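S.K.: Okay, handing you the structure first.
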Amino acid sequence: DSGLDIDALQTVARGVNKLKELNPERSFLVITHYQRLLNFIVPDYVHVLYNGEIIKSGDKSLALELEDKGYSWLTGDAAA
């Protein structure tokens, strides 16, 4: 979602949600650094990748926690 304004973000989200509605068995991999996309596409799972590995998994609440706390509590890296 990098570089998308709010209108474009909503357009993308509508498209993903429509495809999901048409075929509930379909899977999507959505990669984002910004929680705002998750206001429009509610994920079943959230995974945090660090150095090429999944270090934490959860539901949308994990994304909200990351928005609040940042990544350093997971990585131990003050610069994260």
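Here, each number is a calculation from the coordinates, and none is a lab measurement. None of the values given here were measured: they were computed from a predicted structure. Note that we place each Cβ from the backbone using ideal geometry, even for glycine, and neighbour counts take in every protein chain shown.
S.K.: Compute the relative contact order of the chain as a whole-number percentage, counting only Cα pairs closer than 8 Å that sit 6 or more residues apart in sequence.
M.R.: Reported relative contact order: 21 percent.
S.K.: Here is a follow-up. How much net charge surrounds Leu62 when only other residues with a Cβ under 14 Å from its Cβ are counted (Lys, Arg +1; Asp, Glu -1)?
M.R.: It works out to a net charge of -2.
S.K.: Under 5 Å between amide hydrogens, which residues at least 5 positions from Lys56 or on another chain qualify, with H placed 1.01 Å from N in the peptide plane?
M.R.: Answer set, sorted by chain and number: Val48.
S.K.: Student exercise: in the chain, how many lysine pairs 8 or more apart or on different chains have Cα atoms under 24 Å apart?
M.R.: Eligible lysine pairs with Cα atoms under 24 Å apart amount to 4.
S.K.: Quick one: if you take sqrt(5λ) for each eigenvalue of the C-alpha gyration tensor of the chain, what semi-axes come out, biggest first, whole angstrom?
M.R.: Calculated on Cα positions only, the semi-axes equal 25, 15, 10 Å.
S.K.: As an exercise, identify the chymotrypsin sites (Phe, Trp or Tyr not before Pro) in the range 1-56 lying in DSSP coil whose Cβ has no more than 11 other Cβ atoms within 10 Å.
M.R.: Phe28, Tyr45
S.K.: Go ahead and estimate [θ] at 222 nm for the chain from helices alone: -39,500 (n - 2.57) per DSSP H run with n ≥ 4, summed, over the residue count, rounded to 500.
M.R.: When only DSSP H runs of four or more count, the value is -11500 deg cm²/dmol.
S.K.: Can you list the HN-Hα couplings for the range 34-39, worked out from phi with the Karplus curve (6.51, -1.76, 1.60; θ = phi - 60°), rounded to whole Hz and with x for Gly and Pro?
M.R.: These are the phi-based 3J(HN,Hα) values: 10, 5, 4, 4, 6, 6 Hz.
S.K.: On a 0 to 90 degree scale, rounded to 10, what angle separates helix 6-22 from the longest Cα axis of the chain?
M.R.: Value to nearest ten degrees: 70.
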